[in-house]
């Protein structure tokens with residue numbers, strides 16, 4: 001992953017995307033601006049693994065461009081594709097909240113760009129925004145339920 005500078009156009013794109021994500025939808029611009037100050041932006045190449053199953057959670061991601069596959073290992077040699085992510089989709093909130101290892105591997109199926117909120121920055125955002133923290137926890141619980149029942 002290559003870190004990119006966050007331009008004004010990227011900031012606008014991120015703002016529009018996250019307004020469609022449940023936990024950002026009801027945030028006022030002041031809170032969103034605090035989050036924007038902590039966001040990183042990355043370019044990932046086809047085949048890059050953004051995160052690997054079993055690795056520690058280190059970031060929350062929002063897909064800006066591209067297509068990503070979510071897979072889980074089944075045995076030593078096989079993996080199962082659970083989902084695909086595209087622009088506007090988010091992932092990584094469970095690992096950040098629980099500090100448990102990642103539940104899945106996320107791989108770029110094509111060149112992609114992702115916004116990332118790193119763990120240290122995430123903790124600060126949660127501390128400063130209890131409503132954001134509560135919504136992230138609800139989403140994590142929903143995702144955990146989905147994974148257990150697939």
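The separation of the stretch 27-46 from the stretch 53-94, counted between C-alpha centres, amounts to 19 Å.
Between 0 and 90 degrees, the angle of helix 130-148 with respect to the longest Cα principal axis of the chain falls at about 20 degrees. According to the Cα-based calculation, Rg over Rh for the stretch 2-148 is 0.95, with Rh computed by the Kirkwood formula.
Inter-label distance, residue 38 to residue 15: 1.9 nm, where each label sits 7 Å from its Cα along the C-beta direction. Across the chain, Cα pairs under 8 Å and at least six residues apart give a relative contact order of 30 percent. Residues 11, 107 in ascending order of nearby Cβ atoms (within 10 Å, fewest first): 11, 107.
Every number here is computed from the coordinates shown, using simple stated rules; none is lab data. Please read all numbers here as calculations on a predicted model, not as lab measurements. Please note: Cβ atoms are built from the backbone with ideal geometry, for glycine as well, and neighbour counts cover all protein chains shown.
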